[in-house]
Amino acid sequence: MSAPRVVCACTGGHGSERWAEDLAAALPEAEVAAWAPGRPPADYAVVWMPPKDFFAAQPRLRAVFNAAAGVDGALAAGVPPGVPLIRLEDAGMGAQMAEYVTWAALSHLREFDVYAAQARAGLWRPRPPRRPADFPVGILGLGVLGRRVAEALRGFGFPLRAWTRSPRGDSAFPVFCGEEGLMPFLAGTRILVCMLPLTDDTRGVIRRDTLAALLPDALCINVARGAHVVEEDLLAALGGGRLAGAVLDVCAEEPLPPGHPFRTHPKIVLTPHVAAATLRGEAVAQIAAKMRAFMRGEAVSGTVDPACGY
Ligand code: NDP
């Protein structure tokens with residue numbers, strides 16, 4: 001039997017060649033190559049922002065492995081119907097996400113941004129202490145990464161709640177579910193953390209009415225996808241004093257265009273989509289293990305449900 005052919009089409013980060021090199025070392029039984037126009041079609045693809053028309057030139061794929069946790073990009077690139085799409089689960093991103101969200105929540109609680117501004121202005125003005133108990137955190141999406149974030153925040157005494165698509169009976173804190181659970185979830189949230197996949201159901205979930213439902217002086221942390229936020233509604237909520245601030249790792253258009261109002265907004269902290277980077281070593285090891293399991297005919301965790309889009 002000939003060796004399975006694997007193609008890497010990863011246009012972001014380190015490029016297809018580095019992925020192919022590392023994957024070839026982890027999967028010596030396969031024939032692994034970086035994508036290039038005109039190459040023979042492959043049995044398996046490893047993708048991350050694949051080039052336009054990539055999937056059109058791959059008529060015999062048995063499975064696609066996404067070198068990231070979010071699959072909205074791969075789906076938009078046109079994974080062929082019926083071909084399983086398998087994503088990364090954690091692979092070192094959980095710890096990074098926990099660090100990022102804990103940093104944002106603690107900075108807000110302890111007003112470190114205020115003290116930084118004071119220091120720049122030469123001021124020395126202690127403020128009254130604030131308690132985590134008064135800053136309940138609501139996590140939109142309690143999946144692989146959301147659970148890691150919840151664990152980290154719990155260690156600092158933040159009360160927690162979460163919103164999911166399907167009901168949960170096993171959580172140590174309240175979990176609200178579905179459309180009818182959204183407003184009650186928001187009504188008890190002061191620090192909102194978006195950790196949802198981007199799907200037709202979650203696009204624009206952070207908008208005027210949902211922001212208005214939060215507790216007063218709320219903070220919005222978006223580490224999922226920019227399109228979860230209706231940008232003008234976020235700006236209006238910040239301007240109207242409804243929101244105390246926003247920490248945004250992702251934006252609808254990336255890189256954020258020069259002159260975009262988010263860039264200079266005094267209540268917005270921006271980072272360039274770095275909350276949880278794909279770590280190539282961990283990712284390659286996970287993809288190799290999942291590909292072998294798939295070839296053995298086993299069920300593979302992280303397989304995307306096409307009906308749900310995640
Ligand atoms: P998971 O698929 O493990 O978790 C998704 C969670 O969202 C689940 O709890 C799911 O509910 C919930 N959810 C999905 N749709 C809905 C809906 N319509 N209503 C309510 N809840 C919903 O994803 P991960 O935790 O691995 O990743 C989450 C996202 O984080 C990724 O999709 C990606 O966009 C983003 N990300 C961002 C990075 C960055 O650097 N900024 C890096 C990595 C990921 P249920 O439990 O019921 O299925």
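The values are calculated or read from the model by the stated rules, or taken from the named source; none is laboratory data. In this text, all values refer to a predicted model and were calculated from it rather than measured experimentally. Every residue, glycine among them, receives a Cβ derived from its backbone with ideal geometry; neighbour counts consider all protein chains shown.
Here are the numbers for the structure shown:
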item	result
Residue count, segment 120-141 (criterion: charged (D, E, K, R) and either within 16 Å of the ligand (Cβ to nearest atom) or more than 17 Å from GLY155 (Cα to Cα) (or both))	3
Segment 115-134, residues that are under 33 Å from the mean Cα position of the chain (by Cα) and in a loop (DSSP other than H, G, I, E, B)	PRO129, ARG130, ARG131
Pair list, Cβ < 7 Å and 6+ apart or interchain, from segment 251-280 residues that are in contact (Cβ under 8 Å) with a residue 40 or more places away in the chain to residues that are part of a loop (DSSP other than H, G, I, E, B) and away from the ligand (no atom under 14 Å from the Cβ)	ARG280/HIS14
Residue within segment 57-77 that is touching a Gly at 6+ places or on another chain (Cβ under 6 Å) and in a strand (DSSP E or B) present	no
Within segment 293-306, tally of residues that are surrounded by fewer than 16 Cβ atoms within 10 Å (Cβ to Cβ) and at pLDDT 95 or above	8
Tally, over segment 78-99, of residues that are more than 16 Å from the ligand (Cβ to nearest atom) and in contact with a Gly (Cβ under 7 Å, 6 or more places away or on another chain)	0
Of all residues in segment 292-310 being in contact (Cβ under 8 Å) with a residue 24 or more places away in the chain and out of contact with any strand residue (DSSP E or B) (no Cβ under 6 Å at 6 or more places or on another chain), the one that is nearest to VAL101 (Cα to Cα)	TYR310
Condition met for LEU234 (free of Cβ contacts under 8 Å to residues at least 60 places away in the same chain, within 14 Å of the ligand (Cβ to nearest atom) and touching a strand residue (DSSP E or B) at 6+ places or on another chain (Cβ under 7 Å))	no
Selection status of VAL83, assigned to a helix (DSSP H, G or I) and at negative phi	no
Per-region count, segment 53-77, residues modelled with pLDDT of 95 or more, of a type outside the set (A, V, I, L, M, F, W, C) and more than 13 Å from the chain's Cα centre (by Cα)	5
Whichever residue in segment 254-310 is in a helix (DSSP H, G or I) and within 16 Å of the ligand (Cβ to nearest atom) and, among such residues, is nearest to CYS194 (Cα to Cα)	PHE262
Residue that is nearest to the chain's Cα centre (by Cα), among those in segment 1-15 that are without any contact (Cβ under 8 Å) to a residue 60 or more places away in the chain and over 19 Å from VAL83 (Cβ atoms)	GLY12
Meets criteria (assigned to a loop (DSSP other than H, G, I, E, B), under 22 Å from VAL269 (Cα atoms), modelled with pLDDT of 95 or more and within 16 Å of the ligand (Cβ to nearest atom)) for THR102	no
Number of positions in segment 144-163 that are of a type outside the set (A, V, I, L, M) and within 11 Å of the ligand (Cβ to nearest atom)	4
Cross-chain or 6+ apart pairs with Cβ under 7 Å, segment 150-168 first and free of Cβ contacts under 8 Å to residues at least 24 places away in the same chain, then in a strand (DSSP E or B) and more than 13 Å from the ligand (Cβ to nearest atom)	ALA150/LEU160; ARG154/LEU160
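This table checks each residue for (1) within 16 Å of the ligand (Cβ to nearest atom); (2) farther than 23 Å from ALA152 by Cβ; (3) hydrophobic (A, V, I, L, M, F, W, C); (4) part of a strand (DSSP E or B).
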residue	(1), (2), (3), (4)
GLY181	yes, yes, no, no
LEU192	yes, no, yes, yes
THR210	yes, yes, no, no
PRO216	no, yes, no, no
ILE221	yes, no, yes, yes
ALA224	yes, no, yes, no
VAL247	yes, no, yes, yes
